[in-house]
1. What are the residues in segment 254-300 that are more than 18 Å from Thr337 (Cα to Cα) and surrounded by 13 or more Cβ atoms within 10 Å (Cβ to Cβ), if any?
2. Output the residue which, of all residues in segment 19-37 that are under 19 Å from Val70 (Cβ atoms) and modelled with pLDDT of 85 or more, is surrounded by the fewest Cβ atoms within 10 Å (Cβ to Cβ).
3. State whether one or more residues within segment 281-291 are outside any helix (DSSP H, G or I) and more than 27 Å from the chain's Cα centre (by Cα).
4. If you check Glu317 against the conditions, is it among the charged types (D, E, K, R), more than 19 Å from Arg371 (Cβ to Cβ) and not in a strand (DSSP E or B)?
5. One residue is enough: does segment 57-70 have a residue meeting the conditions at pLDDT below 75, of a type in the set (Asp, Glu) and assigned to a loop (DSSP other than H, G, I, E, B)?
6. Applying the selection to segment 105-134, what residues are in a loop (DSSP other than H, G, I, E, B) and either under 18 Å from Leu95 (Cβ atoms) or not assigned by TED's automatic domain parsing to the domain that holds Leu65 (or both)?
7. Have a look at Gly342, Gly327, Gly349, Gly297 and point out the one that is assigned to a loop (DSSP other than H, G, I, E, B) and in contact with a helix residue (DSSP H, G or I) (Cβ under 6 Å, 6 or more places away or on another chain).
8. Working carefully through the options Arg320, Arg371, find the one that is within 35 Å of the chain's Cα centre (by Cα) and either outside the structural domain of Ile254 (by TED's automatic domain parsing) or within 24 Å of Asn264 (Cβ to Cβ) (or both).
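The values are calculated or read from the model by the stated rules, or taken from the named source; none is laboratory data. What you see is a predicted model, and the numbers here were worked out from it, not measured in a lab. With ideal geometry, Cβ positions are generated from the backbone for all residues, glycine too; neighbour counts draw on all protein chains shown.
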Amino acid sequence: MSLDTSTLYLVATMVAAMLGAMLLFFGKQENIPALKWWGTAYLLGAASVALWTLAANTLGEVLSLALNAVGFVACGMVWNASRVFHGRKPNLPGLVLGAIAWIAAVMTLAPESSALRMTIGAGIVAIYAALTATELWSERRRTLQRRWPAIVVPMLHGFVLMLPILLGDLLHARDGAFSGSIWVTMFAIELVLYAVGTVFVIFMLVSERAVSAHRTAASMDPLTGMFNRRGFAEACARVIEREASAGRPVTALIFDIDHFKSINDRFGHPAGDEILKLFATVVINTVRITDLSGRIGGEEFAALLPCSLQEGVMAAERVRAAFANSGIVVEDGPVDTTVSIGVAGGPAGTELEVLLAAADTALYQAKRGGRNRVEAAEELPLSLENWRRKTAGIARQPQPRAGLMGLA
């Protein structure tokens, strides 16, 4: 079965134009600059190939050269779209470099060297495809297994594009009928497949980014920018597993800002929010970059440190001192910025809930001892279930419950 090359080119351009319009529409609707770049590139490339296919014989040499140059600019836009998608600035010189190289090559080659011109053009497109794949590789190495289509598709495009034309050069170096050979037909088919495959990759990237943004929002506290309870627990589980495999201990800290309710009552909730943000900043700037911290309640924060109990106590003391020395003053007077901290450490593999249970007991002791102090847990609960039963039994006793309310 023979396939008409001009028909294949027209099908490719129609598919590319339709996909480009769709990308441009969604880019404007969702305000995603990279989609606008991709959509514009598709429309430019489709217009260039369509005009060249329909009117190649009637166009002058200069217009034909300009149309080809526009096609190479479209390839450069696809590469720049991948840069913009990952937050990098467009490379404007690189955007037009392929078109300039093509014009320079054509101007220096003899008119009968059509096969060599096609080879050079295919090489330029293959280089842009490799640059696109490199951009995706360098920006997303950590999620390579899930993102392999984003790298394979442009690389495969460059390979499939170059192979038939290079073979065509070798097999038909002096054949004037090269433009109608099987290699050109394969090139036209590959254009259709690449156009569809690339849009699939684009929407895969956009979808993954949207899912990642929602996942991040679900695990972060919007006021302080720290982990919320869910995000803190998930991050801590990974750290505990990592430290357990190396046989290293971990330490948990629970912070509770003293008299926070009275701060809200005296100065208002906006002032209370500022205190929470201040304390979050103190914690983040005081603990190490390898430590985890999060807001797990109203005025309650927690941290997980991959270190011994003694080192955890020293870190807690640094946080306590830094917060106490904040010196916040509002119109109604100075604000008391103190915090009580409970610390609990455990051997490798100790569950987070067990550590937090012991640290919570130590926090209660710190509040009973006068607040603005650090207390370390004497021992871990034998099991979390035993600790829950014990605390539930204490809560059922009237007098201790009243004491707890007085310390809140």
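1. Residues satisfying the conditions are Val287, Asp291, Leu292, Ser293, Gly294, Ile296.
2. So, considering only residues that are under 19 Å from Val70 (Cβ atoms) and modelled with pLDDT of 85 or more, the one surrounded by the fewest Cβ atoms within 10 Å (Cβ to Cβ) is Ala21.
3. Taking every residue of segment 281-291 in turn, none turns out to be outside any helix (DSSP H, G or I) and more than 27 Å from the chain's Cα centre (by Cα).
4. no
5. no
6. Once the filter is applied, which keeps residues that are in a loop (DSSP other than H, G, I, E, B) and either under 18 Å from Leu95 (Cβ atoms) or not assigned by TED's automatic domain parsing to the domain that holds Leu65 (or both), segment 105-134 yields nothing.
7. Gly349
8. Unique residue meeting the criteria: Arg320.
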